[in-house]
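Step one of this worksheet: look at the structure below.
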Amino acid sequence: MSDTARLQIGENSYEFPLVKGTENEVAINIKTLRTATNGVITIDPGYKNTGSCESAITFLDGEKGILRYRGYSIEELAEKADFLEVAFALIFGELPTKEQLEKFHKDIKSNSVVDDDIKKIVDAFPKSAHPMGILSSLTSALTAFNPSSVNVDSEEDMYNAIVKIMGKFPVLVAWTMRKKQGLPLNYGSKSLGYVENIMKMMFEQPNEDYEIDTVVKDALDKLLILHADHEQNCSTSTVRIAGSSHAGLFASLSAGISALWGPLHGGANQAVLEMLEAIKEDGGDTKKYMAKAKDKNDPFRLMGFGHRVYKNFDPRAKIIKVAADEVLNNLGIQDPILAIAKDLEQEALNDPYFVERKLYPNVDFYSGIIYRAMGIPVEMFTVMFALGRLPGWIAQWKEMRLNHEPIGRPRQIYIGENLRPFKSIENR
Ligand code: SDX
């Protein structure tokens with residue numbers, strides 16, 4: 001293959017270099033396009049064909065259903081690693097040694113106390129507030145209590161900001177859930193592992209000793225790993241573009257949380273459960289909802305299905321589907337919702353509308369069934385997605401800043417009015 005791309009516009013032809021990745025992906029580097037062509041740009045709504053950066057963090061192949069973090073397959077990481085190891089690998093590039101992991105966890109624990117005044121912000125929210133709105137606000141508020149901005153050229157500064165947010169974010173997640181449940185806000189215990197302590201902070205009841213259920217812990221570890229990064233998805237691109245203006249890490253993460261909230265993105269896991277509940281209430285009539293999903297005049301979509309990149313099975317959905325069966329069996333839970341989900345999946349996989357459009361279950365289709373089995377309220381499902389995605393957002397923000405990437409500022413094609421004279425109000 002030639003190492004350039006040729007573009008013909010009218011009489012003129014232009015050459016642009018090709019960029020080739022380590023997995024043989026190819027891009028046309030159009031950095032000089034507008035100058036070389038005297039103003040011509042590209043346009044690509046939703047950036048379906050446009051790369052925003054070169055990244056060494058996550059590789060995914062949507063056609064083959066491949067997902068790797070730092071070169072390690074998601075299947076191996078979900079099976080053999082724990083969430084803190086994966087977080088370290090995403091952020092620092094390599095799986096940690098035993099000593100590195102112990103130090104990382106120790107430094108996180110030393111930075112996990114949140115200023116008590118944050119509780120006043122938590123209390124200011126009505127119980128009806130959606131947890132994603134609370135979490136986004138609290139994450140942004142962290143800036144007020146940790147004003148020192150990250151000097152990205154200082155490895156120590158960057159490391160300190162990372163262990164700070166890795167320590168405080170789970171506390172904000174737990175406090176967000178417990179506020180809505182009217183439970184006291186606590187800190188868990190430094191003697192526990194990272195995920196165990198998240199469970200204790202979230203689920204501990206004030207009048208009893210909290211016992212870690214290893215089935216739940218293993219399932220939560222796996223779910224957090226599966227959500228940890230996914231290259232340039234909507235919320236990660238939001239974190240990158242917010243950070244490209246040199247907004248702080250916590251402020252950039254807060255922007256990412258807001259983007260993740262949308263039902264087309266991370267909010268889908270909540271929407272899936274609500275959809276499955278509606279189908280159950282409707283007598284389990286999956287065919288009716290399949291018809292709605294295919295009806296162009298009906299805004300209803302089969303939530304948890306389809307993906308911008310995966311045009312094959314989302315490898316995470318495969319792992320989560322197996323885990324859902326395991327967790328429910330181990331917890332002795334018969335959830336009719338799981339059976340409805342499986343029926344829906346089977347119907348969609350055999351329906352031409354879905355097959356032609358390559359719509360398969362994505363990461364959000366089965367995850368909520370496990371969260372529900374863990375006793376997590378459905379409104380907290382997307383918060384759990386954010387908890388998993390945190391290390392990926394941090395890793396991507398760090399990579400973007402350390403690469404000194406320019407501020408993100410797309411162009412546009414103007415289609416409004418041409419120049420026209422002002423009209424006084426009497427003449428309008
Ligand atoms: C996540 O990007 C990531 O990596 C995201 C994520 C991550 O880890 O960060 O993987 C997490 O966000 C997973 C996706 C969760 N969202 C949902 O489950 C919501 C339901 N899915 C869709 O809204 C949709 O599939 C998207 C948003 C996920 C992808 O949309 P695209 O790529 O813009 O595709 P599209 O809307 O152009 O759809 C192509 C066709 C259209 O039909 P036609 O116009 O060609 O006739 O497929 C149809 C769509 O109407 N379609 C669906 C559908 N998804 C797409 N029809 C019914 N139900 C659906 N779910």
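The values are calculated or read from the model by the stated rules, or taken from the named source; none is laboratory data. These numbers come from a predicted model, not from an experiment. Glycine gets a Cβ as well: all are built from the backbone with ideal geometry, and neighbour counts include every protein chain shown. What goes into the accessible areas is simple: the full protein's heavy atoms, side chains included, and nothing from ligands, DNA or RNA. Shrake-Rupley method; radii C 1.70, N 1.55, O 1.52, S 1.80 Å.
Cβ-Cβ contacts under 6 Å between residues 6 or more apart (or on different chains), taken from a first residue in segment 91-120 that is in a helix (DSSP H, G or I) to a second residue that is open to solvent by 70 Å² or more (accessible area, probe 1.4 Å), are listed as Lys109/Lys190.
Out of Asn269, Asn197, which single residue is within 16 Å of the ligand (Cβ to nearest atom), part of a helix (DSSP H, G or I) and on the phi < 0 side of the Ramachandran plot? When all the criteria are applied, what remains is Asn269. Residue pairs whose Cβ atoms lie under 8 Å apart, separated by 6 or more positions or on different chains, with the first residue in segment 133-146 and more than 12 Å from Ala251 (Cβ to Cβ) and the second polar (S, T, N, Q) and open to solvent by less than 20 Å² (accessible area, probe 1.4 Å), are Ile134/Thr176; Leu135/Thr176; Leu138/Thr176.
The set of residues from segment 329-348 being open to solvent by 50 Å² or more (accessible area, probe 1.4 Å), without any contact (Cβ under 8 Å) to a residue 60 or more places away in the chain and of a type outside the set (Gly, Ala, Ser) comprises Asn329, Ile333, Gln334, Pro336, Lys342, Asp343, Gln346. Looking across segment 256-266, the residues that are more than 8 Å from the ligand (Cβ to nearest atom) and either surrounded by fewer than 19 Cβ atoms within 10 Å (Cβ to Cβ) or touching a residue at least 40 places away in the same chain (Cβ under 8 Å) (or both) come down to Gly256, Ile257, Ser258, Trp261, Gly262. Residues of segment 298-325 that are more than 21 Å from Gly266 (Cα to Cα) and within 12 Å of the ligand (Cβ to nearest atom): Asp298 alone. Look at segment 405-428: where a residue is among the β-branched types (Val, Ile, Thr) and a partner is open to solvent by 100 Å² or more (accessible area, probe 1.4 Å), sitting 6+ places away or on another chain with Cβ atoms under 6 Å, you get Ile413/Ile43. Is one or more of the residues making up segment 351-359 of a type in the set (Val, Ile, Thr) and within 22 Å of Val309 (Cα to Cα)? Among the residues of segment 351-359, at least one is of a type in the set (Val, Ile, Thr) and within 22 Å of Val309 (Cα to Cα), which makes the answer yes.
In this structure, Asp123 qualifies as over 23 Å from the mean Cα position of the chain (by Cα) and not in a loop (DSSP other than H, G, I, E, B).
Sub-6 Å Cβ pairs linking a first residue in segment 267-296 that is under 16 Å from Met380 (Cα atoms) to a second residue that is open to solvent by less than 10 Å² (accessible area, probe 1.4 Å) and not in a helix (DSSP H, G or I), at least 6 apart or interchain, are Ala268/Gly304; Val272/Gly304, ordered by first then second residue. As a summary of the residue check, Tyr360 satisfies the conditions (1) within 16 Å of Phe385 (Cα to Cα); (2) aromatic (Phe, Trp, Tyr); (3) open to solvent by 50 Å² or more (accessible area, probe 1.4 Å) except for the one numbered (1). Exactly one residue among Glu25, Glu15, Glu102 is farther than 27 Å from Gly408 by Cβ and either surrounded by fewer than 11 Cβ atoms within 10 Å (Cβ to Cβ) or not aliphatic (A, V, I, L, M) (or both), and that residue is Glu102.
Residues that are crowded, with 21+ Cβ neighbours inside 10 Å and assigned to a helix (DSSP H, G or I) within segment 294-320 comprise Pro315, Arg316, Ala317, Ile319, Ile320, listed in sequence order. Checking each residue in segment 217-237 for being of a type in the set (A, V, I, L, M, F, W, C), part of a helix (DSSP H, G or I) and within 16 Å of the ligand (Cβ to nearest atom) picks out Leu223, Leu224, Ile225, Leu226, Cys234. Out of all the residues in segment 60-82, is one or more closer than 22 Å to Met158 by Cα, free of Cβ contacts under 8 Å to residues at least 40 places away in the same chain and open to solvent by 80 Å² or more (accessible area, probe 1.4 Å)? There is no residue in segment 60-82 that is closer than 22 Å to Met158 by Cα, free of Cβ contacts under 8 Å to residues at least 40 places away in the same chain and open to solvent by 80 Å² or more (accessible area, probe 1.4 Å).
Of the residues screened, Ile57 is one that is within 16 Å of the ligand (Cβ to nearest atom), in contact with a helix residue (DSSP H, G or I) (Cβ under 8 Å, 6 or more places away or on another chain) and of a type in the set (Val, Ile, Thr).
The residues of segment 343-359 that are under 25 Å from the mean Cα position of the chain (by Cα) and among the charged types (D, E, K, R), listed by number, are Glu345, Arg357, Lys358. The set of residues in segment 190-226 that are surrounded by fewer than 22 Cβ atoms within 10 Å (Cβ to Cβ), in contact with a Phe, Trp or Tyr (Cβ under 9 Å, 6 or more places away or on another chain) and over 22 Å from Ile319 (Cα atoms) comprises Lys200, Phe203, Glu204, Tyr210.
Against the conditions (1) within 22 Å of Asp285 (Cα to Cα); (2) away from the ligand (no atom under 16 Å from the Cβ); (3) not small (Gly, Ala, Ser), Leu328 satisfies every one except (1).
Being at pLDDT 95 or above, more than 19 Å from Gly392 (Cα to Cα) and open to solvent by 50 Å² or more (accessible area, probe 1.4 Å) holds for only one residue in Ala144, Ala124, and it is Ala124.
Of (1) part of a helix (DSSP H, G or I); (2) open to solvent by 10 Å² or more (accessible area, probe 1.4 Å); (3) away from the ligand (no atom under 15 Å from the Cβ), Arg240 satisfies all except one. Which? Here Arg240 clears every test but (3). Here the condition is being within 30 Å of Ile225 (Cα to Cα), in a loop (DSSP other than H, G, I, E, B) and not polar (S, T, N, Q); of Glu63, Glu76, Glu85, it holds for Glu63 alone.
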